[in-house]
Amino acid sequence: KNEVEQSPQNLTAQEGEFITINCSYSVGISALHWLQQHPGGGIVSLFMLSSGKKKHGRLIATINIQEKHSSLHITASHPRDSAVYICAVAHTGTASKLTFGTGTRLQVTL
Amino acid sequence: ETGVTQTPRHLVMGMTNKKSLKCEQHLGHNAMYWYKQSAKKPLELMFVYSLEERVENNSVPSRFSPECPNSSHLFLHLHTLQPEDSALYLCASSQDLRGGQFFGPGTRLTVL
């Protein structure tokens, strides 16, 4: 079993829908990252969080340390949100060493 | 986003070739990273450098040789690679080892 599990693996939504992507992890962490990878391969860091909730535009990330679970929400989804969303955790005491989930492939259609 | 650049963007090489991947960051960061992303597998950390010193070598075969001549540049020297080394190689940088990482666009490597 991977240390970082994401669900769903694939997600198709219509424009305007509210989207939730989940990440569960099994190790102690110092921080959790949400990343976005577009088809060309480049990765953009969306959030780094260690507690609570962060919001940036239409994106919201939450984390529950006790339950070892994080969610990424996208409100009013748009086709340009189509990408692979990757959850990664920094282990306790090793902030630089990230363990990655396999990603959630999101396709938003008109 | 031009904070972290990588060259070349695509590379095809034979198993006997020697080539190098280059990463440059313009963000004034002190830490740099090499990652490997194979098809249908999670990203894997390969190397971490902090202030030009290697602080992490994640059991990477010796046919991959990193070099960090200064805090802005990171190289990955490749020699006698195998077809299974074909992957997307991503570079990242962060202010320090605790900071959020900024990724480059990656080099897609194909080994024939």
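Some observations on this one:
- Remark: the stretch A:22-27, residue by residue, has Karplus-estimated 3J(HN,Hα) of 10, 9, 10, 9, 10, 10 Hz, where x stands for each Gly or Pro and the curve is 6.51 cos²θ - 1.76 cosθ + 1.60 at θ = phi - 60°.
- Magnitude of the charge dipole, the protein assembly as shown, Cβ model with Lys/Arg +1 and Asp/Glu -1, debye to 20: 200 debye
- Top positive-direction residue, dipole computed over the stretch B:1-79 with Cβ charges, set B:Thr7, B:Ala39, B:Pro61: B:Ala39
- Non-local lysine pairs in the protein assembly as shown, meaning eight or more places apart or on different chains, with alpha-carbon distances under 23 Å, amount to 19.
- Across the stretch A:89-95, coupling constants 3J(HN,Hα) worked out from phi with the 6.51/-1.76/1.60 Karplus curve, θ = phi - 60°, read 10, 9, 5, 4, x, 9, 4 Hz, and Gly and Pro carry x.
- Stretchable slack from A:Ile60 to A:Thr20, in nm (0.36 nm times residue separation minus alpha-carbon distance): 13.5 nm
- B:Arg63 paired with A:Glu67, simple spin-label distance in nm, labels 7 Å along Cα-to-beta-carbon: 4.5 nm
- Candidates A:His38, A:Thr62, A:Val4 compared by Cα position along the dipole of the stretch A:1-82: farthest toward the positive end lies A:Thr62, with charges placed on Cβ.
- Gain in span if fully extended, A:Gln9 to A:Ser51, counting 0.36 nm per residue against the direct Cα distance: 12.7 nm
- Sorted fewest first by neighbouring Cβ atoms within 10 angstrom, A:Val27, B:Val111, A:Val89 come out as A:Val27, B:Val111, A:Val89.
- Each residue of the stretch A:31-48 was assigned a 3J(HN,Hα) from its phi angle through the Karplus curve 6.51 cos²θ - 1.76 cosθ + 1.60 (θ = phi - 60°); the sequence is 6, 10, 10, 10, 10, 10, 10, 8, x, x, x, x, 10, 10, 7, 8, 9, 10 Hz, with glycine and proline shown as x.
- The protein assembly as shown - Rg (one decimal) and Dmax (whole number), Cα, Å: 17.4, 51
- For chain A, averaging the sequence separation of C-alpha pairs within contact (under 8 Å, six or more residues apart) and dividing by the residue count gives a relative contact order of 38 percent.
Read-outs: derived from the displayed coordinates by stated rules, not from any lab. Predicted model only: the values in this text are computed from it and were never measured. Here Cβ is always computed from backbone atoms with ideal geometry, including for glycine, and neighbour counts include all displayed protein chains.
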